[in-house]
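*Asks:* Structure provided below as structure tokens; questions to follow.
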Amino acid sequence: MQEQLSELVRQAESDISACQNPNDIMNVKAQYLGKKSLLNGLFARLRELPPEERPAFGNVINESRTKIEALLESKSSLIKEATWINREAVSATDLSMPGVYSSRGGFHPLTIVRREIDEVFLSMGFEIAEGPDIDDDFHNFDALNTPADHPSRNLADTFYLEGGGLLRTQTSTVQIRTMESFPPPIRIISPGRCYRNDKPDPSHSPVFHQVEALVVDKGISLADLTDTLSQFAAIMFGSNVSSRIRPHFFPFTEPSAEMDISCVACGGEGCRICKYSGWLEMGGAGMVDPNVFKMVGIDPEVYTGFAFGLGIERIAMLKYNIPDMRILFENDLRMLRQFKGELR
């Protein structure tokens, strides 16, 4: 047994010396010091010796265990030190080498357009108002003079939530909340996300962005609306772009109109983008319906106002000649890299 123990220690020294990493150390430790190790097996055989020899041989086994443990600890420290030195060597900065270029991100085209729209209207004296994406029937429909049987209130168009809420279909809800909270004069825009149960296609998305404007004061007329829209078109698209309004219908405005601008692609000559009409539809507009004023406690005999809504995706597609709205939501880096540094 004495010879067997000496051979065990020599073999342990050899195996420990050959260890290259912490995993090797763990394997050797289990082999020589674990519950099922050879060393523990020798402890179990002490009973085979005469009683007077057992204490001395037990001490020799303990000394061998202590020696193996010390060898393992020493080798483990060497491995850790070598690992740290190698890591430092790999990560060390060579100041003589040229720097590594770190590419910068950029704003999304919708963010760029949104900020440009904000700047245009702020320069015209408007303030920015925001509201919740989750709203209720009153602010989204009732207060906007939308009848109970209007198609926009169906499940096929609106996302309703448990508990009676809904995802707003328009940022007009912010206009209602503003008129409830603040007396005229009011001059705001309300940009933000909207949600409608639309199937995604080149011109529709279930999630999209709008910016709506509201002006309420004494003596506001349709001429103020057309002048504001024409100023916006000239600043946003250039002084060579013309604008017009044509009759339409919306429950919350009377009279109602649609805003068009001359085609930014062909200059009004007629092309595939404008369907050879020379005009591009921008959004709805009109004078605030008196019933809307009554719902929020504003006297329609004293105050008048106008409102209009524009699609931010629509403006971005026109400014940057993007043929499909879905491109704006795909996060394709090849497209997004084209807009780095675009924001002024």
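*Asks:* Collect residues whose amide H, placed 1.01 Å from N in the peptide plane, falls under 5 Å from the amide H of V288; neighbours closer than 5 in sequence don't count.
*Replies:* Those qualifying (amide H under 5 Å, at least 5 residues apart or on another chain) are E254, G305, F306, A307.
*Asks:* Now for a separate question. Antiparallel as a % of all DSSP beta bridges within the chain, to the nearest 5?
*Replies:* In the chain, DSSP labels about 95 percent of beta bridges as antiparallel.
*Asks:* Sticking with this one: Using just the alpha carbons, could you tell me how many Å³ per residue the convex hull of the chain encloses? It would help to have the intermediate numbers written out before the result.
*Replies:* On the way: hull volume 97.8 nm³, N = 344.
Dividing the Cα hull volume of the chain by its residues yields 284 Å³.
*Asks:* So, one more: List the lysines whose Cα lies under 18 Å from the Cα of K340, skipping any in the same chain that are fewer than 8 positions away.
*Replies:* Hits, sequence-local ones excluded: K319.
*Asks:* Kindly provide the pair-distance distribution of the stretch 101-258 built from C-alpha pairs, with 10 Å bins from 0 and whole-percent values in order of increasing distance.
*Replies:* 9, 32, 38, 17, 3, 1
*Asks:* Hey, which lysines would be in cross-link range of K35, C-alpha to C-alpha under 18 Å, not counting anything within fewer than 8 residues on its own chain?
*Replies:* Of all the lysines, those that pass the test against K35 - Cα under 18 Å, at least 8 places apart if same chain - are K67.
*Asks:* So, one more: Rounded to the nearest 0.05, what FRET efficiency is calculated for N59 and K35 with R0 set to 22 Å and r the Cβ-Cβ distance?
*Replies:* Rounded to the nearest 0.05, the efficiency is 0.55.
*Asks:* Name the lysines eligible as straight-distance cross-link partners of K218: C-alpha to C-alpha under 17 Å, and not fewer than 8 places from it in the same chain.
*Replies:* Result set, ordered by chain and number: K294.
*Asks:* Also, I was wondering about something else. Taking every eigenvalue of the Cα gyration tensor of the stretch 194-288, multiplying by 5 and rooting it, what semi-axes result, largest first, whole Å? Please list the in-between numbers first.
*Replies:* Values: eigenvalues 107, 83, 29 Å².
Ellipsoid half-lengths, sorted descending, are 23, 20, 12 Å.
*Asks:* What ranking of Y303, Y101, Y160 emerges when the number of other C-beta atoms within 10 Å of each C-beta is taken as an exposure proxy, fewest first?
*Replies:* On the way: Y303 20, Y101 6, Y160 14.
Going from least to most buried by this count: Y101, Y160, Y303.
*Asks:* How big is the equivalent ellipsoid of the stretch 86-182 along its three axes, where each semi-axis is √(5λ) from the Cα gyration tensor, reported in whole Å from largest to smallest? The partial results should precede the final answer.
*Replies:* Working: eigenvalues 482, 89, 30 Å².
Over the Cα atoms of the stretch 86-182, the semi-axes work out to 49, 21, 12 Å.
Bear in mind that the values in this text are calculations on the coordinates, not laboratory data. Everything numeric here is computed off the predicted structure, so don't read it as measured data. With ideal geometry, Cβ positions are generated from the backbone for all residues, glycine too; neighbour counts draw on all protein chains shown.
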